[in-house]
Amino acid sequence: MKHNRNHNHTRSVGPPLVPVRFEFPHLTATTVCVAGTFNQWQPAAMTLQPIGGGHWLKDTVLAPGRYEYCLVVDGIWMSDPSATDSVPNPFSGRNSVLEVVRQAETAHLAEAENFPLKNVNQPKKQNL
């Protein structure tokens, strides 16, 4: 096998991923999934885990953006009752809306990269 000496070891640069937690309480559910624009509406792609006491949880990461999603509880699609926003969907129901924003620290560092550097070693001009 030949070794390509022109390869690059750096990772591809994309939007920073943000931790997102989906939580849902349901005492009698046997499966809870999340389907949305972030996983091509495929419920099996994101299954919540039971953590006891009828609570379901899934931690994931998403790029900043606006996403629509539904919970799929035992095969029944429903909007997330804890979502703060929703929009009508083409099936006479509602999709929950999730706004993923960059974390404040990440945003602050990204903004700082755009500021010009000051040369602290440059002598100050004197008014004559």
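Fully extending the segment from His55 to Arg21, taken as 0.36 nm per residue of separation minus the present Cα-Cα distance, adds 11.0 nm. When the alpha carbon coordinates of the stretch 18-112 are projected onto the principal axes, the ranges are 49, 34, 22 Å, largest first.
No lab work stands behind these numbers, since they all come straight from the coordinates. Keep in mind that this is a model prediction, so the values were computed, not measured.
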